[in-house]
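Engineer: After the structure tokens below, expect a handful of questions from me.
The values are calculated or read from the model by the stated rules, or taken from the named source; none is laboratory data. The structure displayed is predicted, hence computed values, not measured ones. Heads up, the Cβs are rebuilt from the backbone with ideal geometry, glycines too, and the neighbour counts pull from every protein chain shown.
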Amino acid sequence: MKQLLLILFSVFILNTTLVAQPTISSSPTVEERYGDRIELLGVKFTGPLVLCQILIAILMAITFLQSAIDKMMDRKGNLEYFEVHFANSPLKGITKLSLSLLTILELTGGLMLVYGIYYAFAERITLWIFYGFVWLSLTIIVLFTGQRLAKDYVGAADLVPYFMLIILGIMSMY
């Protein structure tokens, strides 16, 4: 009995003296210090997801605007590429129309994102970025379908990371 009491007493003493009890830190948390606002270079964001949406929008705007501008500036070269690329596909006879359609889709999506970036800073709302992301996801689906019809499986696979990044941008909206 003495041994049992000694063991229980030892466990009690060791438990209360050696095990550190959690203490409340006196330093404030990030949320306590800044609330739900993030400030970067003097620009306030409502949270890290808004910053991510804007950064993704900048990357995609550059990508799709450059692609659309290239299609307009070198239409002849792009048309020759399309004719060779789609020579053995169901899109063979409509390469001019396809090039024009893709140029319009890419230009519209890129401009929607540029306006969305401006709107995000001016109005603190990323609604136009959302619209641009949806538009460009549909554009990528069109591009993906064309690549698959042309049996350019590597070219189709190259579109997947862009699509995933845009989908992540859309998912971060909610």
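Engineer: Which count do you get for residues in the stretch 64-102 that are touching a Gly at 6+ places or on another chain (Cβ under 9 Å), at pLDDT 95 or above and within 14 Å of LEU143 (Cα to Cα)?
Structural biologist: So the count comes out to 4.
Engineer: Considering only residues of the stretch 116-172 that are polar (S, T, N, Q) and more than 15 Å from HIS85 (Cβ to Cβ), which is surrounded by the most Cβ atoms within 10 Å (Cβ to Cβ)?
Structural biologist: Among those residues, the one meeting the criterion is THR139.
Engineer: Please go through (1) of a type in the set (Phe, Trp, Tyr); (2) part of a helix (DSSP H, G or I); (3) under 14 Å from the mean Cα position of the chain (by Cα) for TYR174 and return the number of the only condition it doesn't satisfy.
Structural biologist: Failing condition for TYR174: (2).
Engineer: For a quick check of your reading of the model, give me the residue pairs whose first member lies in the stretch 126-152 and is within 16 Å of THR103 (Cβ to Cβ) and touching a residue at least 12 places away in the same chain (Cβ under 8 Å), whose second is polar (S, T, N, Q) and part of a helix (DSSP H, G or I), with beta-carbon atoms closer than 8 Å and at least 6 apart or on different chains.
Structural biologist: So the pair list comes out as TRP135/THR108; GLY146/SER98.
Engineer: Mind counting the residues in the stretch 112-126 that are assigned to a helix (DSSP H, G or I) and over 13 Å from THR63 (Cβ atoms)?
Structural biologist: 10
Engineer: From the list ILE129, ILE104, which residue is among the aliphatic types (A, V, I, L, M), in a helix (DSSP H, G or I) and more than 21 Å from the chain's Cα centre (by Cα)?
Structural biologist: Exactly one residue qualifies, and that residue is ILE104.
Engineer: Could I ask something else about it? Give just the number: which of (1) within 15 Å of the chain's Cα centre (by Cα); (2) farther than 19 Å from ALA57 by Cα; (3) of a type in the set (Val, Ile, Thr) does THR145 not satisfy?
Structural biologist: (1)
Engineer: Quick one: in the stretch 77-92, of everything that is under 13 Å from LEU149 (Cα atoms) and without any contact (Cβ under 8 Å) to a residue 40 or more places away in the chain, which residue is surrounded by the most Cβ atoms within 10 Å (Cβ to Cβ)?
Structural biologist: PHE82
Engineer: Just checking, which of LEU41, LEU5 is modelled with pLDDT under 65, exposed (fewer than 12 other Cβ atoms within 10 Å of the Cβ) and out of contact with any helix residue (DSSP H, G or I) (no Cβ under 8 Å at 6 or more places or on another chain)?
Structural biologist: Result: LEU5 is the single residue among LEU41, LEU5 that is modelled with pLDDT under 65, exposed (fewer than 12 other Cβ atoms within 10 Å of the Cβ) and out of contact with any helix residue (DSSP H, G or I) (no Cβ under 8 Å at 6 or more places or on another chain).
Engineer: Within the stretch 93-152, how many residues turn out to be more than 21 Å from ILE167 (Cβ to Cβ), in contact with a Leu (Cβ under 7 Å, 6 or more places away or on another chain) and of a type in the set (S, T, N, Q)?
Structural biologist: The number of residues fulfilling the criteria is 2.
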